[in-house]
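S.K.: Here it is, the structure in full.
The values are calculated or read from the model by the stated rules, or taken from the named source; none is laboratory data. Nothing here was measured: the structure is a model prediction, and the numbers come from that model. Here Cβ is always computed from backbone atoms with ideal geometry, including for glycine, and neighbour counts include all displayed protein chains. Calculation scope for accessible area: heavy atoms of the full protein, side chains included, ligands and nucleic acids excluded. Shrake-Rupley method; radii C 1.70, N 1.55, O 1.52, S 1.80 Å.
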Amino acid sequence: MAKTKPGKKDLDSYTIKGTNKVVRGDCVLMRPSDSDKPPYVALVMKIEADHRSNVRVHVRWYYRPEESIGGRRQFHGAKELFLSDHFDWQSAHTIEGKCTVHSFKEYTKLENVGVEDYFSRFEYKAATGGFTPDRVAVYCKCEMPYNPDDLMVQCEGCKDWFHPSCVSMTIEEAKKLDHFLCTDCSQADGKRAFNGFPVSPSKVI
């Protein structure tokens, strides 16, 4: 007569091997099978151990833009991730560390972006390549969504934001501005654009 396998036990937490970092419902960095690749990022949903004390975690994967069907695009930030609908069980031993995945708004307010700081503004359907939301605000003459890594200048007339390169300006020139009017606003006011403006915080990665 076959024996029934002993049941699994839910755990409240897991201490990352070789560290004092405790994982609960956190975002974690997981070791990829290919050592040349950056660590995978996942949200821990559940932790359990079997009768041999082997611990595994149920995770919801974050995808990097280059791992998505559409690939990386110009407006994707260097630390941008997509929260996917792809769930998986993984050995807890593959967890390398903890990280923080901020909301887009939180990330843009960070004074310093650390190695373990990421952000997510989209949910991603792994099977279809679809995104939620499927539309976001666009800025500048190029009509691209905001990339928090890029410096932008704000027009004091229309309040739109512009990439310096899209208004024939270098990054260095943009940083020296006190005021800025875009071409449309300066023409509407019958004035020339004058130097100066608020600069969006460019993230240093």
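S.K.: From Cα pairs below 8 angstrom and at least 6 apart in sequence, can you work out the relative contact order of the range 101-170, rounded to a whole percent?
M.R.: Working: 63 pairs, mean separation 13.5, N = 70.
Relative contact order for the range 101-170 comes out at 19 percent.
S.K.: How far is it, in nm, from the label point at D88 to the one at D149 when both lie 7 Å from their Cα along the line to the Cβ?
M.R.: 2.3 nm
S.K.: The list (i) 17.1; (ii) 15.5; (iii) 23.3 gives values of mean projected area of the Cα convex hull in nm², and only one came from this structure; which label was calculated from it?
M.R.: Only one option fits the structure, namely (ii).
S.K.: Magnitude of the Cβ-charge dipole of the range 87-154, K/R +1 and D/E -1, about the Cα centre, nearest 20 debye? Display every interim value, and only then the final one.
M.R.: Details: 7 positive and 11 negative charges, 53 e Å.
So the magnitude is around 260 debye.
S.K.: Continuing with the same structure: Could you please state, rounded to a whole Å, how far the C-alpha centre of the range 133-164 is from the C-alpha centre of the range 1-74?
M.R.: Distance between centres, Cα-based: 36 Å.
S.K.: Let me cross-check T132: its accessible surface, 1.4 Å probe, with only protein heavy atoms counted, in Å² to the nearest 10?
M.R.: Roughly 80 Å² of T132 is accessible to a 1.4 Å probe.
S.K.: With all protein chains present, calculate the accessible area of K46 using a 1.4 Å probe and round the result to the nearest 10 Å².
M.R.: For K46, solvent-accessible area is about 80 Å².
S.K.: With a/c under 1.5 counting as rounded, go ahead and sort the range 14-98 into rounded, prolate or oblate using the C-alpha gyration tensor (a ≥ b ≥ c being the square roots of the eigenvalues; past the cut-off, prolate if a/b is larger than b/c, else oblate).
M.R.: Working: a/c = 2.26, a/b = 1.97, b/c = 1.15.
The shape class here is prolate.
S.K.: Follow-up question, since we're still on this one. For K109 and I69, FRET efficiency with R0 = 35 Å and r from the beta-carbon atoms, rounded to 0.05?
M.R.: Numbers: r = 31 Å, r/R0 = 0.87.
Here the calculated transfer efficiency is 0.70.
S.K.: Report the accessible area of K9, computed with a 1.4 Å probe over the heavy atoms of all protein chains in place, in Å² rounded to the nearest 10.
M.R.: 130 Å²
S.K.: Let me ask another. Is there a quick way to get the dipole size of the chain? I mean about its Cα centre, with the Cβ of Lys and Arg at +1 and of Asp and Glu at -1; what is the value in debye to the nearest 20? Provide the component values of the computation, followed by the final result.
M.R.: Numbers: 30 positive and 29 negative charges, 182 e Å.
Dipole size: approximately 880 debye.
S.K.: Here's another thing I want to ask about it. Over the chain, what percent of the accessible surface lies on carbon and sulfur atoms, probe 1.4 Å?
M.R.: Within the chain, the accessible surface is 49 percent carbon and sulfur.
S.K.: What shape does the range 83-143 have by the C-alpha gyration tensor, where a ≥ b ≥ c are the square roots of the eigenvalues, rounded means a/c under 1.5, and otherwise prolate means a/b greater than b/c and oblate the rest? Before the final figure, lay out the partial values.
M.R.: Values: a/c = 3.47, a/b = 1.27, b/c = 2.73.
Oblate shape, in that a/c is at least 1.5 and b/c is the bigger or equal ratio.
S.K.: Sticking with this structure for a sec: Using helices alone, I'd like the mean residue ellipticity at 222 nm for the chain: each DSSP H run of four-plus residues gives -39500 (n - 2.57), total over residue count, nearest 500. Before the final figure, lay out the partial values.
M.R.: On the way: 3 runs with 16 residues, N = 205.
Dividing the helical sum by the residues of the chain leaves -1500 deg cm²/dmol.
S.K.: Take the cross-link list K21/K46; K105/K159; K17/K46; K37/K98; K109/K141 and give me the ones stretching past 20 Å between alpha-carbons. If you can, show how the numbers build up before the last one.
M.R.: Working: K21/K46 17 Å; K105/K159 18 Å; K17/K46 18 Å; K37/K98 17 Å; K109/K141 24 Å.
Table pairs above 20 Å Cα-Cα are K109/K141.
S.K.: Please name which of P32, T15, S53 has its Cα lying farthest along the dipole of the range 1-112 towards the positive end, using unit charges on Cβ (Lys, Arg +1; Asp, Glu -1) and the Cα centre as origin.
M.R.: It is S53, whose Cα lies furthest towards the positive end.
S.K.: Run the quick spin-label model on H51 and K159: label points 7 Å from Cα toward the beta carbon, then report their separation in nm to one decimal.
M.R.: With each label placed 7 Å out from Cα toward Cβ, I get 6.6 nm.
S.K.: Moving on. Using R₀ = 35 Å, calculate the FRET efficiency as 1/(1 + (r/R₀)^6) where r is the Cβ-Cβ separation of F131 and E172; round to 0.05. Write down the numbers at each step before the final one.
M.R.: Details: r = 35 Å, r/R0 = 1.00.
According to the calculation, E is roughly 0.50.
S.K.: With +1 on each Lys and Arg Cβ and -1 on each Asp and Glu Cβ, and nothing else charged, work out how big the dipole of the range 1-105 is about its Cα centre, in Debye to the nearest 20.
M.R.: Charge dipole of the range 1-105: 260 debye, to the nearest 20.
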